[in-house]
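Student: Take this structure first; my questions come after.
Since every read-out is calculated from the coordinates, none of them should be taken as a lab result. What you are looking at is a predicted structure, and each value in this text was computed from that prediction instead of being measured. Note that each Cβ is placed from the backbone with ideal geometry, even for glycine, and that neighbours are counted across all protein chains shown.
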Amino acid sequence: MSDYEIPSLQIDPTALPPPLLTSEPGSFAQHTFQMRIPHIVDETLGHNHFPPDIRENLLDLRTEIRDGRIRQLREVAPDVGFWRAVSAPFEGRSWLDVPWYWAEAYFYRRLLEATRYFQAGAGQGFDPFSAMKSDEWQPAGAPRAVEELMSALPAEGNARFAALVRASLWGNRVDLSYRSVAGLGIAHGASANLLVDDTEQVWRLLRRRPADKVIVVNDNAGTELAMDLALADFLLGSGLAAQVVLHLKQQPFFVSDALPGDVQEALGALAAGPRHGAELAARLIAHLETGRLHLRTHWFYTTSLFYFQLPADLQTELAAAGLVVVKVDANYRRLFGDAHWSAMTPFSAASVYFRAPLLALRTLKSEIILGLRAGEAERLSTQDPDWLVNGKRGVIQASLRS
């Protein structure tokens, strides 16, 4: 299949619950497009010295989101045909009257159009979020978090694995597209906030059958990426995986999403930091040189498609992995069509189409959850009405093939 085609569905679409919509009164989806997305435009303007035409483009985009109607892309770029096809049903509608995940994905694509990311000139290939990301690589940011983690890790394999999995999970709280959550911190020991924990199942699987390849579908740069790298190093060093492949974004997406260049920046920041981080960086560089650690991008990851719409090449690649680790909230939404599932729907039943052993590490930042016990969602709603979206809680959920 050639790039930017729309693959066929791997599930019956009538089996999906209704999608989350930006038109739902009082929903987090609606709040995102009323408040969070316009603020992201403002932050992008504030962190960059764009020329007047790009500033005007971004201001026009912000106005369109708040008061206007959705339009198609107007530039020449490799993915324009794809976006025109998937966006045709929503053209001319309000941004507050469309499926939420599609709207977020399309906003980030429109932001790249506004900054002329694909066009010849000063903006070509420029990450408009790079200035915001760079703060995370200061000594007090990700390097310190890595040092604190590595210096306190248990020596025993099972416990060490569990601590690194949790660090990879809670590292997602440091999310530049949702800054109110970042202040919660990584909280490695926040077991009370872990609603589902299938870590032991994954440990037993990898101990019984070490993986030729573990694929990690990454999310944010900065602290979260640093925690992902620490987990990858353990998988390789312990023999649980012969190779770890990091699936990164090929272009800027969701503000702080990690690009291949962010991995190189991470290694440089860790190498220049305290002992544990520097030693970790040295091991990771060696793994990259030998090919045991590999960086990969695919156009699918920066689109509005769901995981049951995987293009054939990526579907084959993921299916061959001994374990696929899917990081955090947006990918969780993509696993399940960003829809109104019952909280008691079994995680494994809803992800049965996924052809490899699957591990989802997710802090809760959207109104979708599966795999909870009867009555648990109701109890949490009574205790904390915003529990689904405030990032305080997380899940480690697995669906493992025998």
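Student: Between Ser191 and Arg204, with labels modelled 7 Å along Cα→Cβ, what's the label distance in nm to one decimal, could you check?
Tutor: 1.8 nm
Student: Okay, moving on. For the residues Trp83, Trp203, Trp170, what sequence is obtained by ranking on other C-beta atoms within 10 Å, fewest first?
Tutor: So the ranking, lowest neighbour count to highest, is Trp203, Trp83, Trp170.
Student: Using a basic spin-label model with each label point 7 Å from the Cα along Cα→Cβ, how many nm lie between Ala320 and Ala271?
Tutor: 3.0 nm
Student: Something else about it: What residue among Phe82, Phe308, Phe253 has the largest mean-square fluctuation in a Gaussian network model of the chain, using Cα springs under 10 Å?
Tutor: Largest GNM mean-square fluctuation: Phe82.
Student: Hey, another quick one. Please report the spacing between the Cα centers of the range 7-45 and the range 247-299 in Å, no decimals.
Tutor: Using only Cα atoms to place each centre, the spacing works out to 30 Å.
Student: Order 118-126, 37-45 from most to least packed using the mean count of other Cβ atoms within 10 Å.
Tutor: Order by mean packing, descending: 37-45, 118-126.
Student: Now, a different point. Taking a point 7 angstrom from the Cα of Arg355 along the C-beta vector, which residues in the range 307-341 have backbone N less than 11 Å away?
Tutor: 310-321
Student: In the neighborhood of Trp203, defined by Cβ-to-Cβ distances under 14 Å, what is the net charge if each Lys or Arg adds +1 and each Asp or Glu adds -1?
Tutor: Result for the neighbourhood of Trp203: +2.
Student: Spelling out what I want: for every residue of the range 339-344, take phi, set θ = phi - 60°, compute 6.51 cos²θ - 1.76 cosθ + 1.60 (Karplus), and round to whole Hz; glycine and proline get x.
Tutor: Values, residue by residue: 10, 7, 7, 5, 5, 8 Hz.
Student: Here's a follow-up. I'd like the antiparallel share, as a percent to the nearest 5, of DSSP beta bridges with both residues in the chain.
Tutor: 30 percent
Student: Quote the relative contact order of the chain in percent (integer), defining contacts as alpha-carbon pairs under 8 Å separated by 6+ residues.
Tutor: Here the relative contact order equals 19 percent.
Student: Helix-only estimate, please: 222 nm mean residue ellipticity of the chain, summing -39500 (n - 2.57) across DSSP H runs of length 4 or more and dividing by its residues, to the nearest 500.
Tutor: Result for the chain, helices only: -12000 deg cm²/dmol.
Student: Multiply the residue separation of Leu295 and Asp3 by 0.36 nm, subtract the distance between their alpha-carbon atoms, and state the gained length in nm to one decimal.
Tutor: 103.2 nm
Student: For the range 244-303, just say rounded, prolate or oblate: build the C-alpha gyration tensor, square-root its eigenvalues into a ≥ b ≥ c, call rounded for a/c under 1.5, and beyond that prolate if a/b exceeds b/c, oblate if not.
Tutor: Oblate is the answer for the range 244-303, as a/c is 1.5 or above yet b/c matches or exceeds a/b.
Student: Is the shape of the range 134-399 best called rounded, prolate or oblate, per the rule: a/c under 1.5 gives rounded, else a/b larger than b/c gives prolate, else oblate, with a ≥ b ≥ c the square roots of the Cα gyration tensor eigenvalues?
Tutor: Rounded, because the longest to shortest axis ratio a/c is under 1.5.
Student: Based only on other Cβ atoms within 10 Å, what is the fewest-to-most ordering of Met227, Met344, Met150, Met35?
Tutor: Met35, Met344, Met150, Met227
Student: On to the next question. Need the full-extension length gain, His31 to Glu148, defined as separation in residues times 0.36 nm minus the C-alpha distance. One decimal, nm.
Tutor: Working it through step by step, the gained length comes to 38.6 nm.
Student: Another question, then. Could you work out the relative contact order of the range 17-128, using alpha carbon pairs under 8 angstrom and six or more residues apart, expressed as a whole percent?
Tutor: 32 percent.
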